[in-house]
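Student: To start, I am sharing the structure in question, which I have written as structure tokens.
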Amino acid sequence: MATRQSVENCIQQCEDALRTALDQYREASTQEHVNDMEFTNSQQEIENAINTVETISNSANPQQREQLIRMLLQLQQMQNNLTFLNR
């Protein structure tokens, strides 16, 4: 069973990754070149957050799992946005 604290920490990590990725997305959409290190790092943060959510959700209770799934959807949407912007 996932502890309340571990779920809260996971959500906080995800929110931080989303915030950073959104900043990088906004910056990259106004510039010609998007292959800088910060952009790549934000993509990696999103990937790490997705992996963490998937791992923790396996041991979460139904209420926690629902919260984690909502976060997972947000992360995947941002991951898609970053991927398509990078092309």
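Student: One residue is enough: does segment 33-43 have a residue meeting the conditions assigned to a helix (DSSP H, G or I), touching a residue at least 60 places away in the same chain (Cβ under 8 Å) and surrounded by 14 or more Cβ atoms within 10 Å (Cβ to Cβ)?
Tutor: no
Student: Give segment 44-68 a look and list any residue that's assigned to a helix (DSSP H, G or I) and over 12 Å from the mean Cα position of the chain (by Cα), or say none.
Tutor: Thr55, Ile56, Ser57, Pro62, Gln63, Gln64, Arg65, Glu66, Gln67
Student: May I ask you to say which residue of Ala21, Ala49 is aliphatic (A, V, I, L, M) and free of Cβ contacts under 8 Å to residues at least 60 places away in the same chain?
Tutor: After ruling out the rest, the residue left standing is Ala49.
FYI, it's all coordinate maths here, none of it is from the lab. Since we're looking at a predicted model, the values are computed, not measured. Note that each Cβ is placed from the backbone with ideal geometry, even for glycine, and that neighbours are counted across all protein chains shown.
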